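The values are calculated or read from the model by the stated rules, or taken from the named source; none is laboratory data. A quick note: this is a predicted structure, and the numbers were derived from the prediction, not measured. Note that we place each Cβ from the backbone using ideal geometry, even for glycine, and neighbour counts take in every protein chain shown. Keep in mind that these areas ignore ligands, DNA and RNA; they rest on the heavy atoms of the full protein, side chains included. Shrake-Rupley method; radii C 1.70, N 1.55, O 1.52, S 1.80 Å.
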Amino acid sequence: MKFFVDTADVAAIAELNELGIIDGVTTNPSLILKSGRDITEVTREICAIVDGPVSAEVVALNAPEMIEEGRKLAQIAPNITIKLPLTWEGLKACKTLSGEGHMINVTLCFSANQALLAAKAGASFISPFIGRLDDINLDGMELIQDIRTIYDNYDFTTEILAASIRSVNHVTEAARIGADVMTAPPEVIHKLAQHPLTDKGLDAFMKDWEKTGQKIV
Ligand code: G3P
């Protein structure tokens, strides 16, 4: 499973990237707002840090303007993935921009039919939003499973990018189902390493080690 980090916080991205566990980055207008940075500047910095795909989202609502914005965002760096919303206009823009050879991440996907359309329009990634479905008492993971089944039935190569990941359990479940990629905030990625039995075991080892009076170096 590929790990993308869902943030425009350059310091957090650099820290995770150094560990070698980050395969890409996703941003959106809300994350750009949170960063307090200019979209072009911050996206360029992120692309210089991470080799893999960096999603940058258009904000136009009609296809011609989405295409214009997408082309402009793609000029920032070769690893830009143009992020488009799953609307009819977004699908039109997806068809055009993917035809030009750009990587496309179709976002705000909440149904299997939407995912099917995105694959047919040439999306490189489809972003089903797990957490936001769970928020309204629907089953986000069921959507990931449905898309996995449908894409496999027809050999679609569009990668399933499990998004709106809010917990470590979301990561495990998405991996179990076979999502190709997950994108999560830095805090969730950090939590993947945590386990109370690890902390408890380490504490016991440290206490016993102290009693030996030894040093390794
Ligand atoms: O990648 C999409 C993600 O940023 C949405 O997450 O937590 O705002 O639903 P959230």
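Just a few scattered comments:
- The angle between the Cα long axis of helix 168-177 and the longest principal axis of the Cα atoms of the chain comes to about 60 degrees, rounded to the nearest 10.
- Atom-type composition of the exposed protein surface of the stretch 2-212 places 55 percent of the accessible area on carbon and sulfur (1.4 angstrom probe).
- Cα centre as origin, Lys/Arg/Asp/Glu Cβ charges: the stretch 15-110 dipole, Debye: 280 debye
- The relative contact order of the stretch 2-212, computed from alpha carbon pairs under 8 Å that lie at least 6 residues apart in sequence, is 16 percent.
- Karplus-based coupling profile of the stretch 54-71, in residue order and whole Hz: 10, 7, 10, 9, 6, 10, 5, 10, 10, 4, x, 6, 4, 5, 4, 5, x, 4, with θ = phi - 60° in 6.51 cos²θ - 1.76 cosθ + 1.60 and x standing for Gly or Pro.
- Loop chymotrypsin sites (Phe, Trp or Tyr not before Pro), the stretch 124-154 (other Cβ atoms within 10 Å of the site Cβ: 16 or fewer; DSSP): Y154
- Heavy atoms of R132 accessible to a 1.4 Å probe, total area in Å² rounded to 10: 110 Å²
- Sum of side-chain charges, K83 neighbourhood, beta-carbon under 12 Å (Lys, Arg +1; Asp, Glu -1): -3
- Counting only Cβ charges, +1 for Lys and Arg and -1 for Asp and Glu, the dipole size of the stretch 2-212 around its Cα centre is about 180 debye.
- Sequence-distant residues sharing a close amide H with I80 (under 5 Å, placed H): V54
- Taking every protein chain into account, the accessible area of the stretch 79-155 amounts to 44 square angstrom per residue (probe 1.4 Å).
- Highest GNM mean-square fluctuation among P85, P64, P128, for the chain modelled with Cα contacts below 10 Å: P64.
- Length, then width, then depth: along the principal axes, the Cα atoms of the chain run 71, 38, 30 Å.
- Under the criterion of Cα pairs below 8 Å and six or more residues apart, the relative contact order for the stretch 75-148 equals 26 percent.
- Rounded Å value of the spacing that divides the Cα centres of the stretch 51-79 and the stretch 99-126: 14 Å
- Label-point gap, in nm, between A204 and D134 - each point 7 angstrom along Cα→Cβ: 3.1 nm
- Tally of Lys pairs whose C-alpha atoms are under 19 Å apart, taken over the chain, 8 or more apart or cross-chain: 14
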